[in-house]
Amino acid sequence: MKLKIVKGTRDLYGDDVERFQFLEDKAREVFSLYGYEEIRTPMFERTELFAHGVGQDTDIVGKEMFLLEDRRGRSMALRPEMTASVVRSIITDNHMQQATHRRFYYIGPMFRYEQPQKGRFRQFYQIGAEYFGVSTPDSDAELLLMLRQYFKKVDLNAVSFQLNTIGCQNPDCRPAFKKNLVDFLTVQKEYLCENCTRRIDTNPLRVLDCKEESCIAVTKDAPKIYEHVCEECGEHFSELRSILDDHGVVYTLNHKLVRGLDYYSRTVFEVYSDNLGAQNAAGGGGRYDSLFEVYGSPIIPALGFALGLDRLAMLIRLGEKKADGLFVIGHHRRMVNTLVSNCREAGYKTLYDPFQSSMKSQFRQANKANVSHVLILGDDELKEGIVSVKNMTTSTQTSVPIDRIIGHIESELSPER
Ligand code: HAM
């Protein structure tokens, strides 16, 4: 049997895991300042949750879900995103019963059957945040402020925000704009790609973010949705923009930004980086005030975003690794094991060579492991009841009585507790 990893998936270890952990730790740190609590939902849900929430006509539901049948023939889907799952949890666990508003964040794998390429995987990771219960534009602004703070924290400058509003379902808002857009697109139909010719009838807004050259050329002059939304949506958007201006948040208005999921209303945004190549969206989100209604629940205003962790990891630079921990060298297995175990229990990362190779080879391993101190238990040391402690940064060596070794290390290092 020839073992192979599944296409579009990958094993993460070494530097990759360090990048992920760094990005995750900083997200927890920053998001908690804004009152977010972590939520972990199941990796799979009933397929209908995504079909109804994300939308039947979207690429995600139409062709990208990993579907499975349980033993009783019910259709399940590996989650392609988590907004629908968090909304499901709000409803099934009654999170809003005792609260006027709630904020949740999540970190975890998502699954989409897409064509793998740089920055695009079939199992990928998101860091996301969802904010429930507040409809005023300061909550939209808060999300962007939190993202700005997060990017600063992880030292990511090469990202930019794009912003749009896609209005609401009121007849004089998005539906009226859609008619307008359909008229515009119908006249230009012959220049559109095959997909978009079909989308004129099924989902005309998606024509606006088609990546085909010919469609880009057509939609350049398309009517701008942010100029055609209803009065309330227009006010929401201009208030949001003035709050962002007050806080010096830099963004670009993009009338073609409509997002690939159906649940959005009003504010939508994306985070881009030119350093990502073709898959240049590092994250995206927006408001989804009507999603609860789709599930037959009373309306709860809501908004959120998700960042692509795999893509952010491609953008950050890890600092130089500091020498860290201890390495015990010696041939007396029991003495080595005891010292290793005492050091670990005292709170120090401690390594050793389980194969007890030559002293030279053990030294080489200690060097490679980038530890700060090497504890040598050679024959001479054992005879004298001491340990030679070598500081790997200064190359100085000290002899320490074996029963005082922990105290000595403590004075040289502060334990990692
Ligand atoms: P999304 O735009 O579908 O939004 O995904 C968010 C981010 O996940 C993307 O910008 C991208 O960085 C990353 N991503 C998506 N697909 C892949 C892939 N195949 N490989 C690698 N990275 C990928 C959502 O998922 C919404 N749930 C966001 C949201 C939350 N809206 C409101 N709340």
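The values are calculated or read from the model by the stated rules, or taken from the named source; none is laboratory data. Since this is a predicted model, take the numbers as computed values, not measurements. Cβ sites come from the backbone with ideal geometry, for glycine too, and all protein chains shown count toward neighbours.
Among the residues of the range 103-133, just one is within 11 Å of Leu307 (Cα to Cα), touching a Gly at 6+ places or on another chain (Cβ under 6 Å) and more than 9 Å from the ligand (Cβ to nearest atom), namely Tyr106.
Condition check: of a type outside the set (D, E, K, R) and without any contact (Cβ under 8 Å) to a residue 40 or more places away in the chain. Does Gln98 satisfy that? The answer is yes for Gln98. Among strands (runs of 3 or more DSSP E) entirely within the range 326-417, having at least 2 residues that are among the aromatic types (Phe, Trp, Tyr) singles out no element at all. Listed by position, the strands (runs of 3 or more DSSP E) enclosed by the range 248-293 that each have at least 3 residues that are away from the ligand (no atom under 12 Å from the Cβ) are 251-253.
Go through Leu303, Leu307, Leu291 for me and flag whichever is surrounded by 18 or more Cβ atoms within 10 Å (Cβ to Cβ), assigned by TED's automatic domain parsing to the domain that holds Phe50, more than 27 Å from Leu156 (Cα to Cα) and in contact with a strand residue (DSSP E or B) (Cβ under 7 Å, 6 or more places away or on another chain). Exactly one of Leu303, Leu307, Leu291 is surrounded by 18 or more Cβ atoms within 10 Å (Cβ to Cβ), assigned by TED's automatic domain parsing to the domain that holds Phe50, more than 27 Å from Leu156 (Cα to Cα) and in contact with a strand residue (DSSP E or B) (Cβ under 7 Å, 6 or more places away or on another chain), namely Leu291. None of Asp245, Asp310 is in a helix (DSSP H, G or I), more than 21 Å from Leu145 (Cβ to Cβ) and at pLDDT 95 or above except Asp310. Looking for something more than 16 Å from the ligand (Cβ to nearest atom) and closer than 25 Å to Gly285 by Cβ - is there at least one such residue anywhere in the range 8-22? Yes, the range 8-22 contains a residue that is more than 16 Å from the ligand (Cβ to nearest atom) and closer than 25 Å to Gly285 by Cβ. The number of residues in the range 205-242 being in a helix (DSSP H, G or I) and out of contact with any strand residue (DSSP E or B) (no Cβ under 9 Å at 6 or more places or on another chain) comes to 19.
Run down Val249, Val268 and say which single residue is among the β-branched types (Val, Ile, Thr), in contact with a helix residue (DSSP H, G or I) (Cβ under 7 Å, 6 or more places away or on another chain) and within 14 Å of Phe161 (Cα to Cα). When all the criteria are applied, what remains is Val249.
When the residues of the range 294-334 are filtered to those that are more than 30 Å from Asp140 (Cβ to Cβ) and touching a helix residue (DSSP H, G or I) at 6+ places or on another chain (Cβ under 8 Å), the one that is nearest to the ligand (Cβ to nearest atom) is Leu318.
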